Amino acid sequence: MRIDIVTTLPEMITPALETSILKRAAERGLVEFRVVNLRDYTRDKHRTTDDAPYAGGGGMVMKIEPIAAALDDLLGGSSDEAQGNEEAFALRHKPKVVLTDPRGRQWTQELARQWAQESHIILLCGHYEGVDDRVRQNLVTDEVSIGDYVLTGGELPALIIADALTRLQAGALGDSEAPDKDTFSGNLLEYPHYTRPREFRGWRVPDILLGGNHALIEKWRRWNQLRATRERRPDLFAKLELTAKDYALMESEEPAAPVE
Ligand code: ADE
């Protein structure tokens with residue numbers, strides 16, 4: 001999968017893509033990142049990407065021309081050029097062009113799973129005072145918000161989207177971290193995890209995890225997932241399709257290691 005990030009702040013994006021799992025995924029060819037500096041598509045001496053809004057009002061507005069030029073480049077030529085060359089036009093893939101914007105649709109694991117199947121996504125980092133609305137109307141295919149809060153710009157949202165997409169590429173995670181085990185993969189929150197030491201400041205790892213009774217451990221994990229989801233995320237809990245066994249388990253006491 002190819003992920004292009006169009007930004008005025010490449011210095012904010014590049015280090016994150018060159019770290020840890022994202023870096024490894026790129027090295028393995030599972031994902032190809034391109035960070036595009038919007039200023040490279042300006043034509044004036046000051047490399048201006050924003051301007052004052054028509055009719056006044058606060059803040060600056062991101063200009064359409066550099067954005068259109070950057071997108072033309074990433075999409076392989078302007079649409080004008082494509083006209084008259086139908087073969088090239090047909091061959092040209094149709095990537096999603098995604099504007100990060102707090103007014104967009106909510107980014108979710110479900111959307112990440114769908115979009116992880118795409119071959120090419122372009123993320124355009126917006127800035128909240130606004131992008132010239134003609135960009136939204138004519139040049140983007142989707143608008144995404146990462147949550148109901150306003151950030152200084154779309155760089156962090158773009159990284160969040162790129163991260164969620166990358167870890168879903170086959171082979172990006174080790175086997176033991178398979179994405180189908182994730183929280184949200186079945187609308188269930190994850191069960192608690194522990195590692196050594198067995199005891200720290202008197203806080204003990206549940207005995208059940210030390211006993212090696214795998215059926216019992218599975219039961220304990222499921223019990224914790226069901227209880228945590230019901231308590232913390234009733235919205236997700238409502239979407240679950242549970243079996244009679246699940247209901248019985250949830251109503252029972254927390255599974256415990258047999259007393260020796
Ligand atoms: N830009 C600023 N805030 C944002 C948000 N919550 N989601 C996406 N883009 C944004």
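Mind telling me which of ILE217, ILE160, ILE64 comes out most flexible in a GNM of the chain, alpha-carbon contacts under 10 Å?
Of ILE217, ILE160, ILE64, the most mobile in the Gaussian network model is ILE217.
Mind computing the radius of gyration and Dmax over the alpha-carbon atoms of the chain? Å is fine for both.
Rg then Dmax for the chain, in Å: 23.7, 81.
Please list 3J(HN,Hα) in residue order for region 157-168, calculated via the Karplus relation 6.51 cos²θ - 1.76 cosθ + 1.60 where θ = phi - 60°; whole Hz, with x for glycine and proline.
After applying 6.51 cos²θ - 1.76 cosθ + 1.60, I find x, 4, 5, 5, 5, 4, 5, 4, 6, 5, 5, 8 Hz.
Using a 1.4 Å probe and counting only protein heavy atoms, arrange TRP107, TRP220 so the residue with the most accessible area comes first.
Of TRP107, TRP220, the descending order of accessible area is TRP107, TRP220.
In debye, nearest 20: dipole of the chain around its Cα centre with unit charges on the Cβ of K, R (+) and D, E (-)?
700
Going by amide H atoms built from the backbone, whose H comes under 5 Å of the H on VAL36, apart from near neighbours?
Residues meeting the amide H criterion: ILE5, VAL6, THR7.
Quick one: net charge of THR7's neighbours, Cβ under 12 Å, K/R +1, D/E -1?
-2
Using a Gaussian network for the chain with springs between C-alpha atoms less than 10 Å apart, which of these wobbles most: MET12, MET60, MET250?
Maximum fluctuation in the GNM of the chain, among the listed residues, is at MET250.
Compute the accessible area per residue over region 183-251, keeping the other protein chains in place, probe 1.4 Å, unit Å².
Here the residues of region 183-251 average 72 Å² of exposed surface.
Please report the carbon-and-sulfur percent of the accessible area for region 2-166; probe 1.4 Å, protein heavy atoms only, DNA, RNA and ligands left out.
Percent of accessible area from carbon and sulfur atoms in region 2-166: 49.
Along the charge dipole of region 2-166, which of LEU30, LEU99, THR49 sits closest to the positive end, that is, farthest toward it, with unit charges on the beta carbon of Lys, Arg, Asp and Glu (+1, +1, -1, -1)?
Of the options given, the answer is LEU30.
Treating only the Cβ atoms of Lys and Arg (+1) and Asp and Glu (-1) as charged, compute the dipole magnitude of region 168-232 about its Cα centre; round to the nearest 20 debye.
My answer is approximately 360 debye.
Output wanted: per-residue J couplings in Hz (rounded whole) for region 147-153, from phi through Karplus 6.51 cos²θ - 1.76 cosθ + 1.60, θ = phi - 60°, x for Gly and Pro.
Along region 147-153, the couplings run x, 7, 7, 10, 9, 6, x Hz.
Measure off, as a whole percent, the carbon and sulfur share of the 1.4 Å-probe accessible area of region 190-252, all protein chains present.
About 50 percent, which is the carbon plus sulfur part of the accessible surface.
In the chain, what is the count of Lys pairs whose alpha carbons are under 24 Å apart, counting only pairs at least 8 residues apart or on separate chains?
So the count of such lysine pairs works out to 10.
Ignoring ligands, DNA and RNA, what accessible area per residue does region 2-166 give at 1.4 Å, in Å²?
Using a 1.4 Å probe on heavy atoms only, each residue of region 2-166 averages 55 Å².
Work out from phi, with θ = phi - 60° and the Karplus expression 6.51 cos²θ - 1.76 cosθ + 1.60, the ³J(HN,Hα) of each residue of region 121-133, listed in order in whole Hz, and give x for Gly and Pro.
10, 10, 9, 9, 7, x, 10, 4, 3, x, 10, 3, 4
Based on the mean of other Cβ atoms within 10 Å per residue, sort peptides 115-123, 234-242, 140-148 so the most packed one is first.
Ranked from most to least packed, the peptides come out as 115-123, 140-148, 234-242.
The values are calculated or read from the model by the stated rules, or taken from the named source; none is laboratory data. Remember, it's a predicted structure, so these values are computed and weren't measured experimentally. Cβ sites come from the backbone with ideal geometry, for glycine too, and all protein chains shown count toward neighbours. Side chains are part of the model used for accessible areas, which takes the heavy atoms of the whole protein and leaves out ligands, DNA and RNA. Shrake-Rupley method; radii C 1.70, N 1.55, O 1.52, S 1.80 Å.
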